[in-house]
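Each remark here refers to the structure printed beneath this line.
The values are calculated or read from the model by the stated rules, or taken from the named source; none is laboratory data. Model, not experiment: these values are computed from the prediction. Cβ: placed from backbone, ideal geometry, glycine included. Neighbour counts: every protein chain shown. Calculation scope for accessible area: heavy atoms of the full protein, side chains included, ligands and nucleic acids excluded. Shrake-Rupley method; radii C 1.70, N 1.55, O 1.52, S 1.80 Å.
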Amino acid sequence: MSDESGELPLTSRREATSDTETLSALIASHPDLSVEQAAMLELPHVRGAFSLVFMDDDALYGARDPQGIRPLVLGRLERGWVIASETAALDIVGASFVREVEPGELIVIDENGLRSHRFAEPDPKGCLFEYVYLARPDTSIAGRAVQSVRVEIGRRLAREHAVDADLVIPVPESGRYAAIGYAQQSGIPFAEGLVKNAYVGRTFIQPSQSIRQLGIRLKLNPLRDVIDGQRLVVVDDSIVRGNTQRALIRMLREAGAREVHVRISSPPVKWPCFYGIDFASRAELIANGLTVDEICTSLGADSLAYVDLDELVEATNLPKDRLCRACFDGIYPVALPEPELLGKHVLEGIERRAQVGTEDVEGVATLLGGGAADALERP
Ligand code: SF4
């Protein structure tokens, strides 16, 4: 990892601003060791969410943080191995699923085959939001098909929050399977009432407010023939800032909807994510400080309801203590740095609720993910 002059070309660990740069610098800081040895030396000291794939001239490496917050899977081709972020990626290249890379595991694949090392004791805390939104529906996590978890969440949502309506429509694509579950459970017909523009990205990870707002208008278009005169149940995966839903409800009413009842397949998002997802700072999260009724009024919906956290957890078939739910309940499974380093307006209250210590120890690299880096500059 050094350049031709023998100098390390990478930023030092203290100056690096991206996870990739930080980790590369850590491994490159041992030019006398092999990449495998350097990784085994450094990875035990890295905190935060990481699912890594890297390579040198001789080997392919995969590593996952001790909490296994993000998925990482191992697959097999007839003449080789594949490491991927989701099982869906294995399907695409025709690889068969072998197993997940375990939390706290480093795997090395070279001409001698596959070796596995444990660099830390596993303490699984998989991201709950993967099941709601992040993962592809055709992926499996911990042996459970994401699509069927989403249908089950929708069923539970319908049991908890029934409403008299004519149609259940999804906010495509991520609300689709929960909407199917809601329709199955409630007996209200399922219909497609919104068309998604396939050429725009996911709006909540766009970097600025103006681009996000433009994205919302570009993203969805209502089908008037379907929704005119109807009482709608609109199923979406989450509400972060509320911009998407507010614009959407206005569009649906303009297109003739008589009533718009919003059902959300996750609990209110109240806390930032420091494990790789660019959720807003607390100040920007609509559920932070407003009641559900107040959010409903702010969005202009006839009614609003979220799935209960315990119902969501049960839908995954995993024990609650094996899941990260921090953006919903503020309990962060991996130590955060001192609140001052994160910006007190971003984190006010978190130091009270975090279950683990927050000391930033010398020699420990903390990966905050894109969300946290951005949060530092927000009010
Ligand atoms: S804070 Fe939320 S989005 Fe981030 S890892 Fe935890 S559950 Fe997932």
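Data table
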quantity	calculated
Cα-based shape type of the range 19-124, given that a ≥ b ≥ c are square roots of the gyration tensor eigenvalues and the cut on a/c is 1.5	oblate
Stretchable slack from residue 17 to residue 148, in nm (0.36 nm times residue separation minus alpha-carbon distance)	43.4 nm
Cα gyration tensor category, rounded, prolate or oblate, for the range 128-316 with a/c compared to 1.5	rounded
Residues of the range 61-183: accessible area per residue with a 1.4 Å probe, Å²	39
In the range 94-161, the GluC sites (Glu not before Pro) that fall in loop regions by DSSP, at most 13 other Cβ within 10 Å	111
Residue-span extension gain [residue 115 to residue 198] - 0.36 nm each, minus C-alpha spacing	25.8 nm
Accessible surface of the range 85-200, 1.4 Å probe, proportion on carbon and sulfur as whole %	49
